[in-house]
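Heads up: the structure comes next, in structure tokens.
Bear in mind that the values in this text are calculations on the coordinates, not laboratory data. Because the structure is a prediction, the values reported are computed rather than measured. Note that each Cβ is placed from the backbone with ideal geometry, even for glycine, and that neighbours are counted across all protein chains shown.
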Amino acid sequence: MIAKDIPLSLYVHIPWCEKKCPYCDFNSHTLLKSIPEKDYIASLFKDIDEDKNLTSGRKIKTIFFGGGTPSLFSASSIEKIIEYVDKSFGIDSNAEITLESNPSSSEKEKFKNFLKAGVNRISIGAQSFNDSHLEKLGRLHKGEDAISAVKAAKSAGFKNINIDLMHGLPQQSVNEAKNDLTIGINLGINHISWYQLTIEPNTEFYSKTACTSLC
């Protein structure tokens, strides 16, 4: 296989969140002020300019906006990034472009605009549909909010939808984990990512106080 035929994928990390989850060990930060979208985009474009000559003419096959909560960005900023990536590398006509989102009402209203911006796959961080478990995970939404977010994404026109679910949660029974899966499957979406909770160093869950109250 020659270099130009090797698939090329791009991950764009947007590190800000409304609230950092106590189990999260990613490079993410609670948003204290407004998101510095303009400064972030300027820095990202500089990175792209430095790297664009290293790709041997390969086109981008997938783009994944992760975080953090990238859906906190405006749709216009996401569109600018996609357009600059296309200008710099070239995006395949059948490329999958994913944006992570949390199930909050403020983000549901953006779904149509994200679709217009070029995003064609949405990944919703449900984690669970059980309100008790969501509270223990430090999530800001309820189970019904996640269901509503999926419905809103469908209504906006998204044909490719993923939800993230977690298992192995504190005091979670097998039946409760299975029930989360059943609800997710019944939503009629394309994909479910099912992750086991892991207690990582440098997280709130890893601290002795959190473990005492959770485990």
- Here FRET efficiency (C-beta to C-beta, Asn202 to Leu32, R₀ 25 Å, nearest 0.05) is 0.80
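Restrict the search to region 105-161; then list the trypsin sites (Lys or Arg not before Pro) that DSSP places in a loop and that have at most 15 other Cβ atoms within 10 Å of their Cβ. It would help to have the intermediate numbers written out before the result.
Working: sites: Lys108, Lys110, Lys112, Lys116, Arg121, Lys136, Arg139, Lys142, Lys151, Lys154, Lys159; in loops: Lys110, Arg139, Lys142, Lys159.
Answer in residue order: Lys142, Lys159.
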- Mean projection of the alpha-carbon convex hull of region 3-214 over all orientations, in nm²? 12.6
- Karplus-derived HN-Hα couplings along region 135-151 (A = 6.51, B = -1.76, C = 1.60, θ = phi - 60°), whole Hz, x at Gly and Pro: 5, 5, 7, x, 6, 8, 10, 9, x, 5, 5, 5, 4, 5, 5, 4, 4
- Message: Can you give the FRET efficiency to the nearest 0.05 for Asp92 and Ser173, using r as the Cβ-Cβ distance and R₀ = 45 Å?
- Response: 0.55
- Query: In nm, to one decimal, how far is the Ser155 label point from the Asn186 one, both placed 7 Å along Cα→Cβ?
  - Reply: 2.0
- Item | Derived scalar couplings ³J(HN,Hα) [region 58-73; Karplus, 6.51 cos²θ - 1.76 cosθ + 1.60; whole Hz; x for Gly, Pro] | 6, 8, 6, 9, 9, 10, 10, 8, x, x, x, 10, x, 6, 5, 5
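With a cut-off of 8 Å between alpha carbons and a minimum separation of six or more residues, what is the relative contact order of region 3-214 in percent? Write out the running numbers ahead of the final one.
On the way: 355 pairs, mean separation 42.3, N = 212.
Relative contact order comes out at 20 percent.
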- Message: Taking loop as defined by DSSP and a crowding limit of 14 other beta carbons within 10 Å, which trypsin sites (Lys or Arg not before Pro) in region 1-99 fit?
- Response: Lys19, Lys33
- Vicinal HN-Hα couplings computed from phi for region 115-120 (Karplus, 6.51 cos²θ - 1.76 cosθ + 1.60; Hz; Gly/Pro x): 4, 5, 6, x, 6, 10
- Note on the structure: So for R0 = 22 Å, FRET eff. of Leu140-Asp47 from the Cβ-Cβ r, to 0.05, ends up at 0.10
- Item | Sites matching GluC sites (Glu not before Pro) across region 13-94 that sit in DSSP coil, with at most 16 neighbouring C-beta atoms within 10 Å | Glu18
- Note on the structure: Sorted by chain and then number, the residues having a modelled amide H within less than 5 Å of the amide H of Cys17, at least 5 places away or on another chain, are His29, Thr30, Leu31, Thr69
- Message: I need the shape label for region 60-101. Rule: rounded when a/c is under 1.5, else prolate if a/b > b/c, else oblate, with a, b, c from the alpha carbon gyration tensor.
- Response: oblate
- So what does log10 I(q)/I(0) come out to for region 109-205 at q = 0.10, 0.14, 0.18, 0.26 Å⁻¹, using the Debye formula with one equal point on every Cα and no solvent? -0.28, -0.54, -0.83, -1.36
- Query: Taking amide H positions as placed 1.01 Å from N in the peptide plane, with prolines and chain starts having none, which residues 5 or more places from Val12, or on another chain, fall under 5 Å of its amide H?
  - Reply: Phe64, Phe65, Gly66
